[in-house]
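The structure appears right after this line, and notes come after that.
Laboratory data are not the source of any read-out in this text; all were calculated from the coordinates shown. Please read these numbers as outputs of a predicted model, since none were measured by experiment. Cβ placement follows ideal geometry from the backbone for every residue including glycine, while neighbour counts extend to all protein chains displayed.
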Amino acid sequence: MDLEITNLNNFFTVKGALDRHNIYLFKSKFRNVFEKADAITISIENLKSIDRYGVNAIAQLHNESIVKQKRLSIIGLGCKEVFNHFKTKEKQTTTTTTAA
């Protein structure tokens, strides 16, 4: 399955499969995106599959938005792997331990 990325203004739609075979397309499309926009939205509603390379690419984009103090919104129920990745990261940063 191919990867298709379309955009209108700062709203991007990702369709198909995001994997190691086409990750270069994703990275190419979003290279320097935060130089041109303060906020972008990516819809993954039509993302049919994603591997660890795709999840890492989205995570790198997320990290870039934080470093550059830009806003990145990822919407859609797309692939559970993306949701699980960010949910796991959230738990790691919000978990605290207390001494008894």
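Brief remarks follow.
- The stretch 32-81: trypsin sites (Lys or Arg not before Pro) in DSSP coil with no more than 13 other Cβ atoms inside 10 Å: LYS68
- As a proxy for reagent exposure, ranking LEU8, LEU47 by other Cβ atoms within 10 Å from fewest up yields LEU8, LEU47.
- Non-local lysine pairs in the stretch 1-62, meaning eight or more places apart or on different chains, with alpha-carbon distances under 16 Å, amount to 4.
- Under 5 Å, built H, 5+ apart or other chain: amide partners of LEU3: ALA17
- In order through the stretch 62-75: 3J(HN,Hα) via Karplus (6.51 cos²θ - 1.76 cosθ + 1.60), integer Hz, x for Gly, Pro: 4, 4, 4, 5, 5, 4, 8, 6, 10, 9, 10, 10, 10, 10
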